[in-house]
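Written below as structure tokens is the structure these notes are about.
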Number of protein chains: 2
Amino acid sequence: MRIAMLSPISWRTPPRHYGPWESVVSLLTEQLVRMGVDVTLFATADSLTAGKLVSVCERPYSEDTSIDPKVWECLHISEVFERADEFDIIHNHFDFLPLTYSGLTKTPVVTTIHGFSSPAIVPVFKKYNGRAHYVAISEADKSPELDYIATIHHGIDISQFPFNGNAGKYLLFFGRIHPDKGAYEAIEVSKKAGVKLIIAGIIQDEEYFKTRVEPHIDGETVEYIGSVGPDKRAEVLGEAMALLHLINFNEPFGLSMIESMACGCPVIAYGRGSVPEVVKNGESGFIVKDINEAVEAVGEISNLDRGVCRSYVEKHFTVETMAEKYLGVYGKIIGDKDCLGEGANGNVK
Amino acid sequence: MRIAMLSPISWRTPPRHYGPWESVVSLLTEQLVRMGVDVTLFATADSLTAGKLVSVCERPYSEDTSIDPKVWECLHISEVFERADEFDIIHNHFDFLPLTYSGLTKTPVVTTIHGFSSPAIVPVFKKYNGRAHYVAISEADKSPELDYIATIHHGIDISQFPFNGNAGKYLLFFGRIHPDKGAYEAIEVSKKAGVKLIIAGIIQDEEYFKTRVEPHIDGETVEYIGSVGPDKRAEVLGEAMALLHLINFNEPFGLSMIESMACGCPVIAYGRGSVPEVVKNGESGFIVKDINEAVEAVGEISNLDRGVCRSYVEKHFTVETMAEKYLGVYGKIIGDKDCLGEGANGNVK
């Protein structure tokens, strides 16, 4: 089976630091390659893959302002469609724009909807509904106006997240610094609980950082360590007592919660968006309603078995599980029942 | 011959007030329809045409901020490509994005390049160079990196611009209020020449308007009359002594200069961009180098014959001439030598 994997070009695939969509594309691509599938990754030229790399855009536009996003997006997307007959499936991770090219090719297109940035983009998904094949990344993120071929949770390469059975002495905020993600709420909880907070992540909202976060940073009770790349991620997560994920929006999927649990670190989260699908309440973390409940949860966190967090991820959120589910979708679309078995050795078609 | 005419959706086709690309698309479409060509106009749903109208976008995004440009652009563009086999030619007036769909259809695509908004967009035109058919709107706007099938100047429906042989008592600035267009320079010239200036046009740069233009508006020596729609345009142009077109950029094509000359009003312009191709120096206006030369030109303007301005436009810049040249391009592409003659009755193919 020959798969064209269309990644965004906002960041490198895989991203150097931040870039959740590119991260999932990379995880899926590399796992499929390991399983013997013939995958061609369409991504920025600096991307890394064990599959084949095709690129028209030299660098990620979020890292290089000389790259005009609108120009390079359409050149990048059209490249895969102009080469569509080289592939059995085009797997689109690039939001809505590629859908508008999908009516011009016979190669089936699967689109993973990595979240709706705005209701304004829904008309495009509605137009191609029925003709396109949509994969939701959580039940919570499904639009009632669309039909989905499957819901496939993200999975991680668990070998990159070694288990740490010993809870450390700090709470952790790990994500974009933006009101949506609840860095300020994490500060409140850590202060009330009297436990140090480490904040890790890119600053996406400068104003919010300056007014709500920065004034609390003293390096002792609240420490900001910037964006944490893949090399330090497992260490920062594994040594935390708990991850505070007090989000203020319906997050389509919370990858950092899985990464945290894989390292043995339980999650204290508001039950919005994908959280109830990702956190097993009372086992791999606590789903809470407000700041006070979160503070109580910090007090009870030592009652949770960090090994359970790990095994919960091993069972539900590995890249192997994710890749097998996607292979199932590909097979369903091209009518190839065999693609999960021998087909996956690359000899199919 | 069946033509799909792809207009932008920033404004209605034809525009209510401002909208130069949509204006040219409308002029060409209606003239081709009058010549018996089967034209389907892809434009906003409120557009007007004697041909067939196809629209997916209800209203122009520059008039209705609830319309997300990126979403509706791609829905609009993909519509014409998904219906490509209904047409012998797709004529693209929508800048670079449609080019990236053109490789996915067998229907030939002609692209009129209405100017390069930035050097950043050139890579798209370069990618499709040789495969696409580019029409330049002036020799001045040609990129040395691209091949063109023709240069076709814009033409106007001269019946909408009645001749006025009597020079009025005011100078006219007619265009966007933006540093590029030289409203401030027009004020300088009118003050030095001691002749009233009327300013007409949309305010595109608020800061420039407030600091460089508005302080001079007194309703007596400098009057601002806002954006002038098609109903008042000929009156405002025809009663002017001269049009001041002291542009500070290489304008791809100056439609207002033709409209002005058609009404008998000569043009005083800086010789940038398309100006030397549009103004016959010493006959239909004066091409000047600086403010002082422009002031001198105002003093000499009564020496020009307003009838010569009119006949110059009748000879070179009518919509009939423009449409015939485009028919020649269509015929060249589809190898139909007859499309200028009998072919144009709509029975071709």
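Given the residues B:V110, B:V71, which is the only one that is outside any loop (DSSP other than H, G, I, E, B) and within 22 Å of the chain's Cα centre (by Cα)?
B:V110
I'd like to know if the range A:180-202 contains one or more residues that are modelled with pLDDT under 95 and open to solvent by 40 Å² or more (accessible area, probe 1.4 Å).
yes
Taking the conditions exactly as written (closer than 19 Å to B:N248 by Cβ and free of Cβ contacts under 8 Å to residues at least 60 places away in the same chain), does B:K192 satisfy them or not?
No; evaluated as a whole, the condition is false for this residue.
Could you tell me whether any residue of the range A:62-73 is open to solvent by 50 Å² or more (accessible area, probe 1.4 Å), of a type in the set (D, E), touching a residue at least 24 places away in the same chain (Cβ under 8 Å) and more than 14 Å from chain B (Cβ to nearest Cβ)?
yes
Please tell me if B:I287 is aliphatic (A, V, I, L, M), within 22 Å of B:P179 (Cβ to Cβ) and in contact (Cβ under 8 Å) with a residue 60 or more places away in the chain.
When the stated conditions are applied, B:I287 does not pass them.
Against the conditions (1) modelled with pLDDT of 95 or more; (2) open to solvent by less than 30 Å² (accessible area, probe 1.4 Å), where does A:T221 fall short? Just the number, please.
So the condition that A:T221 fails would be (2).
Name the residues in the range B:267-283 that are in a helix (DSSP H, G or I) and in contact with a Ser or Thr (Cβ under 9 Å, 6 or more places away or on another chain), would you?
Across the range B:267-283, the qualifying residues are B:E277, B:V278.
Tell me, yes or no, whether the range A:162-174 has at least one residue that is touching a residue at least 40 places away in the same chain (Cβ under 8 Å), surrounded by fewer than 20 Cβ atoms within 10 Å (Cβ to Cβ), out of contact with any Ser or Thr (no Cβ under 7 Å at 6 or more places or on another chain) and on the phi > 0 side of the Ramachandran plot.
no
When you check A:L48 against the structure, is it open to solvent by 50 Å² or more (accessible area, probe 1.4 Å) and assigned to a strand (DSSP E or B), yes or no?
no
If you scan the range B:98-117, which residues turn out to be open to solvent by 30 Å² or more (accessible area, probe 1.4 Å), more than 20 Å from B:N250 (Cβ to Cβ), more than 9 Å from chain A (Cβ to nearest Cβ) and in contact (Cβ under 8 Å) with a residue 24 or more places away in the chain?
Within the range B:98-117, just B:P108 meets the criteria.
Got at least one residue in the range A:124-143 being within 27 Å of B:F125 (Cα to Cα), at pLDDT 95 or above and at the interface with another protein chain (Cβ under 9 Å from one of its Cβ atoms)?
yes
Within the set of pairs 6+ apart or on separate chains, which have a first residue in the range A:85-97 that is open to solvent by less than 10 Å² (accessible area, probe 1.4 Å), a second that is among the β-branched types (V, I, T) and in a loop (DSSP other than H, G, I, E, B), and C-beta atoms under 8 Å apart?
A:D88/A:T107; A:D88/A:V348; A:I89/A:T107; A:I90/A:T105; A:I90/A:T107
What do you reckon, is A:I152 in contact with a Ser or Thr (Cβ under 8 Å, 6 or more places away or on another chain) and away from chain B (no Cβ under 14 Å)?
The answer is yes for A:I152.
Name, by its number, the condition in (1) open to solvent by less than 60 Å² (accessible area, probe 1.4 Å); (2) in contact with a strand residue (DSSP E or B) (Cβ under 7 Å, 6 or more places away or on another chain) that does not hold for A:P276.
(1)
I'm checking my understanding of the structure. Among residues of the range A:80-97 that are more than 9 Å from chain B (Cβ to nearest Cβ) and part of a helix (DSSP H, G or I), which one is nearest to A:S10 (Cα to Cα)?
A:V80
When the range A:118-145 is examined, which residues are found to be within 24 Å of A:A4 (Cα to Cα) and either part of a loop (DSSP other than H, G, I, E, B) or open to solvent by 30 Å² or more (accessible area, probe 1.4 Å) (or both)?
A:K126, A:K127, A:N129, A:G130, A:R131, A:A132, A:H133, A:I137, A:S138
Given the residues B:L255, B:L243, which is the only one that is within 19 Å of B:S190 (Cβ to Cβ) and touching a residue at least 60 places away in the same chain (Cβ under 8 Å)?
So the residue among B:L255, B:L243 that is within 19 Å of B:S190 (Cβ to Cβ) and touching a residue at least 60 places away in the same chain (Cβ under 8 Å) is B:L243.
What about A:K210, is it without any contact (Cβ under 8 Å) to a residue 12 or more places away in the chain and either under 22 Å from A:C309 (Cα atoms) or touching a Leu at 6+ places or on another chain (Cβ under 7 Å) (or both)?
Against the criterion (without any contact (Cβ under 8 Å) to a residue 12 or more places away in the chain and either under 22 Å from A:C309 (Cα atoms) or touching a Leu at 6+ places or on another chain (Cβ under 7 Å) (or both)), A:K210 does not qualify.
Tell me whether the range B:224-239 contains one or more residues that are on the phi > 0 side of the Ramachandran plot and surrounded by 15 or more Cβ atoms within 10 Å (Cβ to Cβ).
No, the range B:224-239 contains no residue that is on the phi > 0 side of the Ramachandran plot and surrounded by 15 or more Cβ atoms within 10 Å (Cβ to Cβ).
Can you pull out every residue in the range B:16-36 that is open to solvent by 10 Å² or more (accessible area, probe 1.4 Å) and touching a residue at least 24 places away in the same chain (Cβ under 8 Å)?
B:R16, B:H17, B:Y18, B:P20, B:W21, B:S23, B:L27, B:E30, B:Q31, B:M35, B:G36
Is there a residue in the range A:256-266 that is of a type outside the set (D, E) and open to solvent by 10 Å² or more (accessible area, probe 1.4 Å)?
yes
The values are calculated or read from the model by the stated rules, or taken from the named source; none is laboratory data. Note that this is a predicted model, so its numbers are computed, not measured. Neighbour counts are summed over all protein chains in view; Cβ atoms, including those assigned to glycine, are modelled from backbone coordinates with ideal geometry. Only protein heavy atoms, including side chains, enter the accessible area calculation; ligands, DNA and RNA are left aside. Shrake-Rupley method; radii C 1.70, N 1.55, O 1.52, S 1.80 Å.
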